1. Within the set of pairs 6 or more residues apart or between chains, which connect a residue that is touching a residue at least 12 places away in the same chain (Cβ under 8 Å) inside region 44-72 to a residue that is outside any strand (DSSP E or B) and of a type in the set (Phe, Trp, Tyr) with Cβ atoms less than 7 Å apart?
2. Across region 51-62, what is the number of residues that are more than 16 Å from Gln26 (Cα to Cα) and open to solvent by 10 Å² or more (accessible area, probe 1.4 Å)?
3. So in region 30-40, with the set limited to residues that are part of a loop (DSSP other than H, G, I, E, B) and not aliphatic (A, V, I, L, M), which one is most open to solvent (accessible area, probe 1.4 Å)?
4. Filtering region 81-113 down to residues that are on the phi > 0 side of the Ramachandran plot and in contact (Cβ under 8 Å) with a residue 60 or more places away in the chain, which residue is surrounded by the fewest Cβ atoms within 10 Å (Cβ to Cβ)?
Amino acid sequence: VLRNKIYENEIKNKFDLTSIIDSSVQVPNDLTLGKGVIIYPKVTLSYDVTIRDNVTVNYNTLLGHNLIVGKNTFIGPGVTIPGRCQIGNNCVIGAGSTFMEGVNVCDDSIIGVGTTVLTNINNPSMVMDMPRKLVKKLDEK
């Protein structure tokens, strides 16, 4: 929310927000790109992807077909978002997160590092994988 306020009040009217896409990224012909988008190296973009204003897509990320990423969203490194997904505005997607195809995430949601998102997130939420269960300490016999 703070990022959105800064964008709306301080940056939007003072600068021409051009998008920056690393030269290693293959850009499909049907990519729809908003203003102020940053796409880091080794990002894979499928067909029919829409990325709205002020979005950051980090290293080694896969954005699948028929995907919409809302405004002011941050996608960490190593994220996999397959086809027919929709990510809302003002979201943070933690590094290494994986989504099932067709999952939607509502506005103002946070997905923790390494989370596997299996179902829709319909209300603004913070979602993280459960802590791992300790099976056995390796120094025990």
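The values are calculated or read from the model by the stated rules, or taken from the named source; none is laboratory data. Just so it is clear, the structure is predicted and the values come from calculations on it, not from any experiment. Note that each Cβ is placed from the backbone with ideal geometry, even for glycine, and that neighbours are counted across all protein chains shown. Just so you know, the surface numbers come from the protein's heavy atoms only, side chains and all, with ligands and any DNA or RNA stripped out. Shrake-Rupley method; radii C 1.70, N 1.55, O 1.52, S 1.80 Å.
1. From region 44-72, the pairs are Asn54/Tyr7; Val57/Tyr40; Asn58/Tyr40; Tyr59/Tyr40; His65/Tyr47; Asn72/Tyr7.
2. Our first condition is that a residue be more than 16 Å from Gln26 (Cα to Cα); within region 51-62, this holds for 52-56.
If we keep only those that are open to solvent by 10 Å² or more (accessible area, probe 1.4 Å) too, we end up with 52-54, 56.
Here the count works out to 4.
3. That would be Lys35.
4. The initial filter retains those residues of region 81-113 that are on the phi > 0 side of the Ramachandran plot, namely 84, 90, 96, 102, 108.
So of that shortlist, the ones also in contact (Cβ under 8 Å) with a residue 60 or more places away in the chain come out as 90, 108.
Details: Asn90: 20, Asp108: 18.
Filtering region 81-113 for residues that are on the phi > 0 side of the Ramachandran plot and in contact (Cβ under 8 Å) with a residue 60 or more places away in the chain, the one surrounded by the fewest Cβ atoms within 10 Å (Cβ to Cβ) comes out as Asp108.
To keep it simple, each residue is scored yes or no on (1) on the phi < 0 side of the Ramachandran plot; (2) open to solvent by 60 Å² or more (accessible area, probe 1.4 Å); (3) more than 16 Å from the chain's Cα centre (by Cα).
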| residue | (1), (2), (3) |
| --- | --- |
| Pro28 | yes, no, yes |
| Lys42 | no, yes, no |
| Val49 | yes, no, no |
| Gly64 | yes, no, no |
| Val69 | yes, no, no |
| Asn72 | no, no, no |
